[in-house]
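The values are calculated or read from the model by the stated rules, or taken from the named source; none is laboratory data. No experiment lies behind these values; they were computed from the predicted model shown. Virtual Cβ from ideal backbone geometry, glycine too; neighbours counted across all protein chains shown.
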Amino acid sequence: MSGVSVSEARASYETVIGLEVHVELKTRSKIFCGCSTSFGAPPNTNVCPVCLGHPGTLPVLNEGAVELALRAALALNCRINQDCKFDRKNYFYPDLPKGYQISQYDQPIGEDGYVEIEVGGERKRIGIVRVHLEEDAGKSMHAPDGSHTLVDYNRTGVPLIEIVSKPDIRSPEEARLYLEAIKSIMEYCDVSDCRMEEGSLRCDANISLRPFGQREFGQKTELKNMNSFRNVQRALEYEAERQTAVLSAGGVVEQETRRFDEATQTTVSMRSKEEAHDYRYFPEPDLVRLHISDEWLERVRGSLPELPLAKRDRYVAELGLPPYDAGVLTADRGVAEYFEAVVACGADPKTASNWVMGDVLASLKATGERIQACPVSPANLAGLMKQVEAGRISIKQARDVFKIMWDTGKDAETVIREQGMEQISDEGMLAAIVDEVIANNPKSVEDYRSGKTKALAALVGQTMKATKGKANPAVVNKLILERIGSPDSGASGGGPADA
Amino acid sequence: MSVHTVKEIVASLRRGEAKPSEWAARILECIRRADGRVGAFLHVDEEGALARAKSLDGQPVEGTLFGVPYALKDNICTAGLRTTAASRILENYVPPYSATVADKLASAGAVLVGKTNMDEFAMGSSTENSAFQPTRNPYDLERVPGGSSGGSAAAVAAGMVPFALGSDTGGSIRQPAAFCGVVGLKPTYGRVSRYGLIAFASSLDQIGPFTRTVEDAALVLEAISGFDPHDSTSVDEPVERFADGLDTGVRGLRVGVVTDIQEEGLHPGVKQAVEQAIAVLQGAGAEVVEVSLPHSRYAVATYYLIAPAEASSNLARYDGVRYGRRADADTLLEMYERTRSEGFGMEVKRRIIIGTYALSSGYYDAYYRRAQQMRTLIRQDFDRAFERCDVIALPTAPTPAFKLGEQLDDPLQMYLNDMYTIPANLAGIPGISVPCGLVEGLPVGVQILGRAFDEQTVLRAAHAYEQLRGFEMPVPALEGSA
Ligand SMILES: [Zn+2]
């Protein structure tokens with residue numbers, strides 16, 4: 001728990017949260033017809049008689065969607081129901097063309113899994129009740145004056161999985177961490193883009209409070225309309241406070257569905273239990289049962305990538321990275337792959353980690369690019385690191401070189417040559433310049449000899465200035481000391497660290 | 001009016017005695033003369049039919065249905081041609097695509113002349129539930145043609161088309177075939193693609209032909225059968241040349257008679273005609289064996305839970321949002337309510353309400369789930385019976401055609417029309433109705449059921465009976481008061 005603004009009353013109640021996460025699967029075509037799933041197409045262009053629910057049309061299951069759902073369910077450690085079925089969930093809404101959604105009711109593709117999160121340095125398992133496959137609905141756009149509603153059916157029939165957690169989450173912060181873990185796992189498995197802003201990941205939450213020590217759950221409310229991870233956390237925080245206030249005042253929490261209002265950062269009642277839908281689920285007669293063969297299951301299991309938490313443990317154990325670094329690098333599969341490619345080019349893991357977490361991620365953030373489009377290739381970054389290691393350029397120069405590599409896509413070698421940035425380490429070349437600096441700065445030499453060791457820096461600075469910054473500061477240091485003696489030996493040294 | 005079979009029309013085209021466009025013109029003339037009194041058609045596409053037939057003129061006669069005019073029940077979608085399911089809610093609906101069966105018939109060379117009347121959304125047994133018009137029985141214009149595919153049955157009976165397609169959910173092909181004195185075949189569930197058939201009850205619906213002869217039924221079945229990638233419930237079974245081998249007879253064929261058949265409500269004339277039909281088969285060398293279908297007495301009750309449950313969901317799409325009728329309204333809820341109140345007829349509403357109720361939380365286990373369990377028992381009855389016999393013979397409908405209006409106020413009585421046909425839908429097996437005589441001047445039919453995907457044996461038995469029954473169905477004179 002964050003510990004911020006936790007009132008005394010709040011501290012006497014335990015928060016119990018369960019999340020329902022909808023994830024759009026990355027298939028090229030829809031789940032029951034051949035229409036494209038591309039995001040951002042003009043309204044009602046990715047449609048056909050089937051996904052518009054025309055009379056007489058029938059669904060045909062896209063096996064690609066099953067494959068992705070299978071991958072997701074396995075990554076979430078679920079037991080797979082190799083013989084399962086689809087059901088109809090019946091309700092009326094204009095964005096639901098058939099008047100029912102094809103979903104899975106009592107036989108989901110995956111059941112009884114878990115996700116691990118790290119809370120305050122401790123690993124915690126959040127149980128997954130089920131993962132089921134279903135079709136998405138369209139999008140309604142209501143005129144601000146309420147005069148009409150327009151519906152875009154492009155999204156209708158895009159495959160979704162719904163991931164239902166057990167009520168194992170104990171704080172709004174844990175809820176956010178759980179969501180981040182889900183997103184990361186889905187991305188790793190190449191199951192979904194998980195872009196909450198494009199609606200390819202959506203989340204509803206159930207939250208209740210109970211006095212610490214009580215076994216039974218309290219009355220829960222359901223929260224909807226949270227369009228970012230931060231808003232999920234905020235909505236849950238607000239709702240926990242609200243329920244605390246109700247319970248502390250001796251009141252009863254109503255079972256209802258509440259909507260998060262972003263403007264006021266509060267939750268607002270949408271509908272009560274009495275208005276809850278009866279979805280009249282029944283088996284979808286237009287589809288045959290879904291059978292997943294042993295071979296199919298094993299093939300998918302075998303194709304699962306190393307998942308984020310396992311990767312993170314490996315970075316710590318095998319590459320010797322600090323846990324913090326490992327966490328940052330593995331949060332995004334693309335970043336981890338980039339990092340591993342840099343290391344594969346022979347770079348030192350910790351130095352590579354510094355570069356990736358530092359300049360690479362910062363530049364991506366500044367330009368809004370994804371790492372897959374990073375203009376500095378892993379090989380080029382490793383090449384840059386080699387130049388520093390070989391002493392050709394200082395680390396400070398290297399950061400400038402990186403910027404140019406980013407803008408031009410050139411490799412480090414080329415940039416250093418074109419910019420004439422190569423460091424001068426040749427003692428013969430530097431000796432004459434050092435002699436001249438000493439001759440021209442008798443005062444500094446005097447100061448140094450009389451114990452003002454700071455004067456050494458001034459002499460080094462003058463030499464750097466004379467070489468337009470290209471001199472290797474370590475070599476310069478050494479040459480000056482050779483000439484003016486040393487009041488306390490061993491003052492020189494250091495690597496290429498800031499000159 | 002002279003009537004023609006599919007086989008005769010194709011033969012005349014082969015011999016070069018007539019061109020497809022001449023047949024189309026003749027058929028259209030027939031419809032013009034007769035349909036004013038029968039009301040079998042909701043729309044006749046004269047222009048389209050003639051253009052299509054002309055395009056076939058001069059082409060080599062290839063395929064079993066080349067140049068043959070036909071009609072489709074109006075719940076089978078036809079691109080660019082209004083398809084209403086005889087409902088106000090789809091009064092002006094023009095589908096953007098064609099049903100697989102329509103495409104298959106087109107590629108077999110058949111010529112679509114129009115769309116036939118039916119009970120709204122195929123819900124009914126008399127075609128009186130059409131939102132647009134009644135259809136009259138060509139043998140007695142004061143009587144119903146049966147339903148729900150009454151328009152297709154009447155059109156074939158009156159000689160307006162040599163064949164037509166209908167759909168059979170609980171008997172909607174076989175019962176009107178019996179009432180109108182024609183052959184009606186419901187194939188095995190999954191044999192014919194349902195893609196483009198406006199769904200009533202998806203797990204029961206199946207498209208099939210009305211013809212004048214069993215051989216024609218075999219020809220049409222062959223043309224419309226087969227796995228369809230657009231219909232996951234269609235089955236990838238080899239499509240046989242059903243018309244071949246029809247003449248191999250019934251010697252040694254085991255014909256099952258149902259010992260525990262429900263006889264309450266069975267007209268004695270019908271009973272006798274069916275017994276005679278069985279005797280004809282026996283006389284031709286078939287062996288009659290007794291079989292038991294103990295759960296068939298629950299078939300009607302089972303059907304009237306499963307079919308409305310599926311229908312309540314299938315008909316939810318008619319909401320006024322994307323196509324079809326939309327009522328003016330100020331709010332969304334009002335739009336839904338008014339669109340559906342105005343758009344659906346009484347029987348459709350009744351079934352939506354029954355189905356919604358049967359699926360509701362708290363009632364699902366008591367109704368829908370139990371109905372599914374009963375459906376399994378009924379299927380198992382047939383499995384057991386077909387261990388002892390090859391086909392089962394029984395009446396198609398308990399009575400001959402009744403008068404228009406006679407059963408309209410008594411839905412339960414109306415539902416019992418299907419007591420002998422419903423079990424085959426619940427079990428998914430094929431069934432055919434073949435005329436087996438006249439009772440009080442009205443046609444009645446014998447129903448022959450077979451194992452799943454064994455249409456071949458069903459057709460062979462039906463054909464043998466048809467050859468040996470010793471009478472020709474008289475051509476209706478189309479006389480009557482209407
Ligand atoms: Zn589509």
- Positions within segment B:159-209 being within 18 Å of B:L112 (Cα to Cα), away from chain A (no Cβ under 13 Å) and surrounded by 24 or more Cβ atoms within 10 Å (Cβ to Cβ), in sequence order: B:M160, B:V161, B:P162, B:F163, B:A164, B:L165, B:G166, B:G208, B:P209
- Say whether the condition of being closer than 22 Å to B:F471 by Cβ, small (G, A, S) and assigned to a loop (DSSP other than H, G, I, E, B) is met by at least one residue in segment B:242-251. yes
- Message: Name the residue that is nearest to the other protein chains (Cβ to nearest Cβ), counting only residues in segment A:8-28 that are buried (at least 18 other Cβ atoms within 10 Å of the Cβ) and within 16 Å of the ligand (Cβ to nearest atom).
- Response: A:T27
- Query: Residues in segment A:36-47: is at least one surrounded by fewer than 20 Cβ atoms within 10 Å (Cβ to Cβ), within 11 Å of chain B (Cβ to nearest Cβ) and within 15 Å of the ligand (Cβ to nearest atom)?
  - Reply: yes
- Query: Restricting to segment B:210-241, what's the tally of residues that are at pLDDT 95 or above and more than 14 Å from every other protein chain (Cβ to nearest Cβ)?
  - Reply: 17
- Task: Take the residues in segment A:49-60 that are farther than 28 Å from A:I292 by Cα and within 8 Å of the ligand (Cβ to nearest atom), then tell me which one is surrounded by the most Cβ atoms within 10 Å (Cβ to Cβ).
- Result: A:L52
- Query: Counting only residues that are surrounded by 14 or more Cβ atoms within 10 Å (Cβ to Cβ), charged (D, E, K, R) and touching a residue at least 60 places away in the same chain (Cβ under 8 Å), which one in segment B:329-369 is farthest from B:Y298 (Cα to Cα)?
  - Reply: B:R340
- Task: Could you please tell me which pairs satisfy a Cβ distance under 6 Å, a separation of 6+ or placement on different chains, a first residue in segment A:45-58 that is over 16 Å from A:D95 (Cα atoms) and assigned by TED's automatic domain parsing to the domain that holds A:A137, and a second residue that is more than 9 Å from the ligand (Cβ to nearest atom) and charged (D, E, K, R)?
- Result: A:L58/A:D286; A:L58/B:D231
- Note on the structure: Residue hits (segment A:242-269; exposed (fewer than 12 other Cβ atoms within 10 Å of the Cβ) and closer than 18 Å to A:V232 by Cβ) are A:A263, A:T264, A:V268
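Residue-wise test of (1) more than 16 Å from the ligand (Cβ to nearest atom); (2) within 14 Å of chain B (Cβ to nearest Cβ); (3) out of contact with any Phe, Trp or Tyr (no Cβ under 9 Å at 6 or more places or on another chain).
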site: A:G138; (1), (2), (3): no, yes, no
site: A:H142; (1), (2), (3): yes, yes, yes
site: A:L160; (1), (2), (3): no, no, yes
site: A:I163; (1), (2), (3): yes, no, yes
site: A:P167; (1), (2), (3): yes, no, no
site: A:R176; (1), (2), (3): yes, no, no
- Item | Extreme residue, nearest to the other protein chains (Cβ to nearest Cβ), among residues of segment A:273-332 that are under 16 Å from the mean Cα position of the chain (by Cα) and of a type in the set (V, I, T) | A:T330
- Query: Does any residue of segment B:392-404 turn out to be closer than 18 Å to B:K186 by Cβ, at pLDDT 95 or above and aromatic (F, W, Y)?
  - Reply: no
- Query: Within segment A:61-90, restricting attention to residues that are part of a loop (DSSP other than H, G, I, E, B) and in contact with an Asp or Glu (Cβ under 8 Å, 6 or more places away or on another chain), which residue is nearest to the ligand (Cβ to nearest atom)?
  - Reply: A:F86
- Message: Here's a check for you: in segment A:144-158, which residue that is within 16 Å of the ligand (Cβ to nearest atom) and within 13 Å of another protein chain (Cβ to nearest Cβ) is farthest from A:L201 (Cα to Cα)?
- Response: A:V151
- Query: Give me the pairs: first residue in segment A:154-170 and in contact (Cβ under 8 Å) with a residue 40 or more places away in the chain and in the same structural domain as A:G199 (by TED's automatic domain parsing), second residue within 16 Å of the ligand (Cβ to nearest atom) and β-branched (V, I, T), beta-carbon distance under 6 Å, and six or more apart or on different chains, which are they?
  - Reply: A:G157/A:I31; A:V158/A:T37; A:P159/A:T27; A:P159/A:I31
- Message: I need the full set of residues from segment A:226-266 which are of a type in the set (S, T, Y) and within 24 Å of A:R195 (Cβ to Cβ), in order please.
- Response: A:S228
- Message: Show the residue pairs meeting these rules: Cβ distance below 8 Å; 6+ apart or different chains; first residue within segment A:82-111 and at the interface with chain B (Cβ under 8 Å from one of its Cβ atoms); second residue modelled with pLDDT under 95 and not in a loop (DSSP other than H, G, I, E, B).
- Response: A:P94/A:S140; A:P94/A:T149; A:P94/B:L332
- Scan segment A:428-458 residue by residue and report those that are small (G, A, S) and exposed (fewer than 13 other Cβ atoms within 10 Å of the Cβ). A:G428, A:A432, A:A439, A:S450, A:G451
- Message: Suppose we keep only residues that are away from every other protein chain (no Cβ under 14 Å), in a loop (DSSP other than H, G, I, E, B) and among the aliphatic types (A, V, I, L, M) within segment B:291-348. Which one would you say is nearest to the chain's Cα centre (by Cα)?
- Response: B:L293
- Task: Just name the residue that is surrounded by the fewest Cβ atoms within 10 Å (Cβ to Cβ) out of those in segment A:219-234 that are in contact (Cβ under 8 Å) with a residue 60 or more places away in the chain and not in a loop (DSSP other than H, G, I, E, B).
- Result: A:R234
- Item | Complete set of residues in segment A:282-305 that are of a type outside the set (A, V, I, L, M) and surrounded by 14 or more Cβ atoms within 10 Å (Cβ to Cβ) | A:F282, A:P283, A:E284, A:P285, A:D286, A:W296, A:P305
- Task: Go through the residues of segment A:339-350 one by one and say whether even a single one is modelled with pLDDT of 90 or more, within 29 Å of A:V476 (Cβ to Cβ) and within 22 Å of the chain's Cα centre (by Cα).
- Result: yes
